[in-house]
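A short write-up of the structure that comes next.
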Amino acid sequence: MRIDSLLISRHNDLFLEKHSQSFHFLSRELSDKGIDVESIITKIQQFQVAIPSWALGAGGTRFGRFSMGGEPGDLFQKISDISIINDLTGAAGAVSLHIPWDIPENVSSLTQYARECGITFDAVNSNTFQDQADQALSYKYGSLCHTDIKVREQAIQHNIDVIHYGEALGSKSITVWLSDGSTFPGQINFRQALSRTKESLQEIYRHLPTDWRMFIEYKPYEPQFYSTVIQDWGTSHLLASACGPQAFSLVDLGHHLPNTNIEQIVATLLSLGKLGGFHFNDSKYGDDDLTVGSIKPYQLYLIFLELVSGLADPTVVNPPISYMIDASHNVKDPLEDLMQSIEAILICYAQALLVDFNKLNELRNKNEVVLAQELIQDAYRTDVRTLLREARLRKKASFSPIQCYRDNEIRNQLIKERGISNKAKGL
């Protein structure tokens, strides 16, 4: 379903007078500091983050999932749900498909429906970390790193098939994440496993269209607990470099050991021209996949500092970065949770845009540690939500997406349309 633009407009009217006062006040305050408010609003309007097809149903863990009813039962309904998020936020105009959880069975109808909903297709994601019902060989002991060449060939062919699906949909990239590794010491030969993985990725890369990119994701542990073949950004970068110029590293915020300096990793990959994409989430203990910004918002801000400053640096040569939310909603309405994540992402992005990086570099060069910290913290402490609201209003999106969603009882409408027991596949 799409949300009627008149419904959003009428809901926005309830807040316009108060917003106008707040926006005028903040604009004058920022302008007095030499900040180009209009430029920041334009950049906020242009920022887009993809929604993964597996994120529209009830979240949960390996212990259980708790449905709230009205879940999307097929890919068409998932795209419909993303259009609701996009209508309300103006910042979620793409879907990232996970295959085989969401195999497009009627590509022509699906792409036409997506266009009608204002949704494009972002990166496609392969799955060799699970055995599927019709699968000939098991990935129990690995996929692209497996000792058996037949298993490796099966995994390679799956990735090639995923590329073909993506081509038909108009996607331009594939994300590869492997659970390959070992749970016990002595289980695998580290050097041979890495070598086999490299050769497998190179074979997949040879089937990459000339205008496509491959994103190689890394993770230190889980589901394997002793070793993971692609365990860190360095290994990801090594493999991407071995594949070629169309291969890049992908940073998932939850795929790091506690207290890892992710912003430094981002800066390093940018300087190497190998930062391909982001999967946004948050965590307390590990790969918790919590709502973006719910635990460590300052770290997210510091990451955006590196992104904004790096991408504005003429010496940095890095292709456009792909952004996606990769979160599990657990006990939340997934659409509300995704809108919370979008808000958190845009807040940190807008705060980073407030920073005068020329002045910051001057302070750094003078070793003015205190003043450099004060400068970036002043931007972080600025309430930029008024700028986000103004950006949404100009895009005819919602002033307050979650409140509009609730006031118009969208979840109840979905339950009425789809039923209380409809469940999304995947995960």
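The values are calculated or read from the model by the stated rules, or taken from the named source; none is laboratory data. Note that the structure is predicted; figures quoted are calculated from it, not measured. Positions of Cβ are backbone-derived with ideal geometry, glycine not excepted, and every protein chain shown enters the neighbour counts.
Scanning the range 320-336 for residues that are out of contact with any strand residue (DSSP E or B) (no Cβ under 7 Å at 6 or more places or on another chain) and touching a residue at least 40 places away in the same chain (Cβ under 8 Å) yields H329, V331, K332, D333, P334, L335, E336. Among the conditions (1) surrounded by 19 or more Cβ atoms within 10 Å (Cβ to Cβ); (2) under 22 Å from the mean Cα position of the chain (by Cα), P320 misses just one, which is (1). The one condition from (1) buried (at least 23 other Cβ atoms within 10 Å of the Cβ); (2) part of a helix (DSSP H, G or I); (3) in contact (Cβ under 8 Å) with a residue 60 or more places away in the chain that L239 does not meet is (3).
A quick yes/no check of all residues on (1) under 23 Å from the mean Cα position of the chain (by Cα); (2) touching a residue at least 12 places away in the same chain (Cβ under 8 Å); (3) surrounded by 21 or more Cβ atoms within 10 Å (Cβ to Cβ); (4) under 30 Å from I119 (Cα atoms):
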| site | (1), (2), (3), (4) |
| --- | --- |
| Q187 | no, yes, no, no |
| S227 | no, yes, no, no |
| H255 | yes, yes, yes, yes |
| P258 | yes, yes, no, no |
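Under the condition of being in contact with a helix residue (DSSP H, G or I) (Cβ under 6 Å, 6 or more places away or on another chain) and closer than 17 Å to D326 by Cα, the residues counted in the range 281-303 number 5.
Does F278 qualify as being touching a residue at least 60 places away in the same chain (Cβ under 8 Å) and under 25 Å from S53 (Cα atoms)? It is false that F278 is touching a residue at least 60 places away in the same chain (Cβ under 8 Å) and under 25 Å from S53 (Cα atoms). Which one of these is over 28 Å from the mean Cα position of the chain (by Cα), assigned to a loop (DSSP other than H, G, I, E, B) and not charged (D, E, K, R): N367, N361, N422? Step by step, each of N367, N361, N422 is checked, and only N367 is over 28 Å from the mean Cα position of the chain (by Cα), assigned to a loop (DSSP other than H, G, I, E, B) and not charged (D, E, K, R).
Quick check on the range 342-359. Is at least one of its residues touching a helix residue (DSSP H, G or I) at 6+ places or on another chain (Cβ under 7 Å) and free of Cβ contacts under 8 Å to residues at least 24 places away in the same chain? Looking through the range 342-359, at least one residue is touching a helix residue (DSSP H, G or I) at 6+ places or on another chain (Cβ under 7 Å) and free of Cβ contacts under 8 Å to residues at least 24 places away in the same chain. Among the candidates G93, G64, G60, the residue that is out of contact with any Cys (no Cβ under 6 Å at 6 or more places or on another chain), modelled with pLDDT of 95 or more and surrounded by fewer than 22 Cβ atoms within 10 Å (Cβ to Cβ) is uniquely G93. Considering the range 376-403, and only residues there that are over 24 Å from the mean Cα position of the chain (by Cα) and part of a loop (DSSP other than H, G, I, E, B), the residue that is surrounded by the most Cβ atoms within 10 Å (Cβ to Cβ) turns out to be T382. Within the range 176-197, being closer than 19 Å to T128 by Cβ and either hydrophobic (A, V, I, L, M, F, W, C) or at pLDDT below 95 (or both) holds for V176, W177, L178, I188, A193, L194. For the range 120-158: of the residues being in a loop (DSSP other than H, G, I, E, B) and of a type in the set (S, T, Y), which is nearest to S171 (Cα to Cα)? Top of the filtered list is T128. Each residue in the range 1-40 was checked for being over 28 Å from N408 (Cβ atoms) and among the small types (G, A, S), and 4 of them qualify. If you go through the range 44-54 and keep only what is of a type outside the set (S, T, Y) and either surrounded by fewer than 17 Cβ atoms within 10 Å (Cβ to Cβ) or modelled with pLDDT of 95 or more (or both), you end up with I44, Q45, Q46, F47, Q48, V49, A50, I51, P52.
This table checks each residue for (1) surrounded by fewer than 15 Cβ atoms within 10 Å (Cβ to Cβ); (2) small (G, A, S).
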site: A155; (1), (2): no, yes
site: I174; (1), (2): no, no
site: R191; (1), (2): yes, no
site: L201; (1), (2): no, no
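Of everything in the range 329-346 that is among the polar types (S, T, N, Q) and surrounded by fewer than 23 Cβ atoms within 10 Å (Cβ to Cβ), the residue that is modelled with the lowest pLDDT is N330. Can you find a residue in the range 115-125 that is over 24 Å from the mean Cα position of the chain (by Cα) and of a type in the set (D, E)? Checking the range 115-125: not a single residue is over 24 Å from the mean Cα position of the chain (by Cα) and of a type in the set (D, E). At least 1 residues being touching a residue at least 60 places away in the same chain (Cβ under 8 Å), over 27 Å from Q135 (Cβ atoms) and of a type in the set (F, W, Y) is the threshold, and among the helices (runs of 4 or more DSSP H) wholly inside the range 1-119 those reaching it are 16-32. Within the range 171-187, the presence of a residue that is part of a helix (DSSP H, G or I) and under 18 Å from Q246 (Cβ atoms) is excluded.
Between D148, D180, the distinction of being more than 30 Å from S109 (Cα to Cα), in contact with a Leu (Cβ under 7 Å, 6 or more places away or on another chain) and acidic (D, E) belongs to D180 only. The set of residues from the range 146-184 being hydrophobic (A, V, I, L, M, F, W, C), within 26 Å of the chain's Cα centre (by Cα) and more than 27 Å from P320 (Cα to Cα) comprises just one member, A155. For V369, the conditions (1) surrounded by fewer than 14 Cβ atoms within 10 Å (Cβ to Cβ); (2) closer than 15 Å to E306 by Cα; (3) among the β-branched types (V, I, T) all hold with the exception of (2).
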